[in-house]
Amino acid sequence: MDDYIKQLELLIKEEKIQEARTALARFKSLAPGERHRAIEVLALAPDKMALDLLDFLLDSGECDGDTTQALFQLVIDRAHLHYPFVLVLLKHGDPERIRHSIPLFKHILTKATGQDLLDRIIRTAGTLGLDTLIDEIAEFVFYDDPVLKSSAIRTLERLGTDKARKKLELIAATEKADQDVLDALAFLK
């Protein structure tokens, strides 16, 4: 066990992603204690390595429930400090796990600046009906980013709740009102 963990630590330290992936390919066959130690190693890995290796492990989809839960918890914990980890959650998480991460999404929607990341969260909110994010999503209509503005309007329309409609009505009364806002509002009435 110690040899495997030492090898994994060395591969991560030397940033040998492919070799670390090869070592993690036998992750599911490890004893529970070894899997736990490997997860601890990933918790201390640099962001780039951890992001790639967690995505790799979750992509295999061959872990038991406890191990999968531990991997997702690590992804969520790391996403609070390095937002791109949320993309792994969105890629591999089931709708229920994603719904339980709403506080994380609220945090990221108010702090992050990366267009792709924000757009993905906004669109996921519309797809999964995450209406508790309406306030945060509505703010993107006021941004000068046309992609985020468009996604926010479409998501509010897709959510279609009273609260979403009211947000669109408030936006329609501002200088940010455009045809997309008016069309979404007309669709909801």
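The values are calculated or read from the model by the stated rules, or taken from the named source; none is laboratory data. The structure presented is a predicted model; accordingly, all values stated were derived computationally and were not measured. Glycine also receives a Cβ, built like all others from the backbone with ideal geometry; neighbour counts cover every protein chain displayed. The area values use the complete protein model at the heavy-atom level, side chains included, leaving out ligands, DNA and RNA. Shrake-Rupley method; radii C 1.70, N 1.55, O 1.52, S 1.80 Å.
Here are the numbers:
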{"read-out": "Subset tally (residues that are among the basic types (Lys, Arg) and open to solvent by 90 Å² or more (accessible area, probe 1.4 Å)) for region 9-32", "value": "3"}
{"read-out": "Hits in region 166-189 (condition: open to solvent by less than 80 Å² (accessible area, probe 1.4 Å) and either in contact (Cβ under 8 Å) with a residue 40 or more places away in the chain or of a type in the set (Phe, Trp, Tyr) (or both))", "value": "Val181"}
{"read-out": "Residue within region 156-165 that is within 22 Å of Lys106 (Cβ to Cβ), open to solvent by 80 Å² or more (accessible area, probe 1.4 Å) and of a type in the set (Asp, Glu) present", "value": "yes"}
{"read-out": "Region 33-51, subset surrounded by fewer than 17 Cβ atoms within 10 Å (Cβ to Cβ) and of a type outside the set (Lys, Arg), residue modelled with the lowest pLDDT", "value": "Gly33"}
